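Working notes, beginning with the structure itself.
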Amino acid sequence: METPNISIEFFPPKTPEGTEKLRVARQKLAELQPKYFSVTFGAGGSTQQGTLDTVLEIQSEGHIGAPHLSCVGGTRESIRGILREFQSHNIRRLVALRGDLPSGYGGAGELRYASDLVEFIRQETGDWFHIEVAAYPEMHPQARSPQDDLQAFARKVQAGANAAITQYFYNPDAYFQFVDNVAKLGVDIPIVAGIMPITNYTQLMRFSEMCGAEIPRWIRLKLASFGDDSASIKAFGLDVVSQLCEKLLAGGAPGLHFYSMNQAAATTAIWQRLQGSRTSA
Ligand code: FAD
């Protein structure tokens, strides 16, 4: 059976301890042979150096590192500078986003949407970068309507995106519907499913509230019923997310992108479960 095509996301650590922990996690996650590791970028460039440093470390270990780049709060000039820096380090892959500014941060910047950023990157650097963009099977929370959001996604592809990674979700039908709907708009790039392992109920609820990902009622109730029994939350989370991944791959998803939260255990456990079910199938 074929090994699933995976990629793994980190955020740039803020402390030397965090950096060391991430090194250890990365070493374990490298055993899963991901296609690349991506590193998030704080809105307004707040983690710019941390993002680059982490990507460079990933590259020095012999893996492909893909920085995220968000345009909100930036100028054409500042983004041009970042692109040049990426090129000077032979970075060939990036994830292009609008980003979200914290309230009170100031102006939105010169490029308003991710489609403007993709267009700018192509103007400035031609085909140098493999560009991934974000997709929202359950609709981006600020979109005026699902149809508007699909159009916005199609615009990013028309502007030159090579592939997409979805926001996380726990309902596979939302993903398959999204893929069908954008195909009707002529989109034929790979749409990799974003996967958030479940390890902590409170954290999951907080993130999902912010990014508009729906936690199905039955999953929410079950997680809540475990209280602070972390082992049961993790075991249940492993079952739910592994089954989700199996359905996605069986239904034709071209790959899985794990939001690792800089931890190795949950992503590794899901991957091993997938390997087990594939070899026994
Ligand atoms: P866009 O594609 O620009 O869409 C934003 C909103 O504008 C949507 O509601 C869309 O429907 C609407 N829209 C787009 N174009 C138009 C138009 N022409 N007219 C009207 N409305 C329009 N955030 C970070 O800050 N750093 C990260 O590293 C980061 N990594 C991420 C990685 C992934 C895989 C995902 C899924 C999200 C990530 N995010 C990150 C979060 C992301 O920045 C937010 O979800 C943000 O709110 C939207 O970014 P976008 O690139 O999807 O924006």
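Taken together, the values in this text are just the output of simple stated rules run on the coordinates, not laboratory data. Values in this document were obtained by computation on a predicted structure and should not be read as measured data. FYI the Cβ positions are ideal-geometry reconstructions off the backbone, even for glycines, and counts take in every protein chain you see.
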Exposure proxy check: Phe178, Phe120, Phe226 ranked by fewest other beta carbons within 10 Å? Phe226, Phe120, Phe178
So for the pair Asn171, Glu110, with labels modelled 7 Å out along Cα→Cβ, what separation do we get in nm? 4.1 nm
Along Cα→Cβ, 7 Å out, is where each label goes; now give me the distance between the ones at Ala235 and Ala250 in nm to one decimal. 2.4 nm
Run the dipole for segment 62-201 about the Cα centre, Lys and Arg Cβ at +1, Asp and Glu Cβ at -1, nothing else charged, and hand back the magnitude in debye, nearest 20. 240 debye
Of Gly194, Gly252, Gly99, which is the most mobile in a GNM of the chain whose springs link Cα atoms less than 10 angstrom apart? Gly252
What's the exposure ranking of Trp218, Trp128, going from fewest to most Cβ atoms within 10 Å? Trp218, Trp128
Which length gain, in nm to one decimal place, applies between Arg76 and Trp218 when the Cα-Cα distance is subtracted from 0.36 nm times their residue separation? 46.5 nm
Let's see if you can work this out: charge +1 on each Lys and Arg Cβ, -1 on each Asp and Glu Cβ, no other charges. What is the dipole magnitude of segment 223-281 about its Cα centre, in debye to the nearest 20? 220 debye
Using the basic label-point model (7 angstrom from Cα toward the beta carbon), what is the Met205 to Glu17 distance in nanometres? 2.7 nm
When the C-alpha atoms of segment 200-281 are aligned to their principal axes, what extent does each axis show, in angstrom, from largest down? 35, 27, 26
Which of Glu209, Glu110 comes first, and how do the rest follow, when ranked by fewest Cβ neighbours within 10 Å? Glu209, Glu110
Per the helix-only calculation at 222 nm, which mean residue ellipticity applies to the chain, given -39500 (n - 2.57) for every DSSP H run of n ≥ 4 and division by its residues, nearest 500 deg cm²/dmol? -15500 deg cm²/dmol
Charge dipole (debye, nearest 20) of the chain; +1 at Cβ of Lys and Arg, -1 at Cβ of Asp and Glu: 120 debye
Give the separation of the Cα centroids, segment 156-221 to segment 2-22, in Å. 20 Å
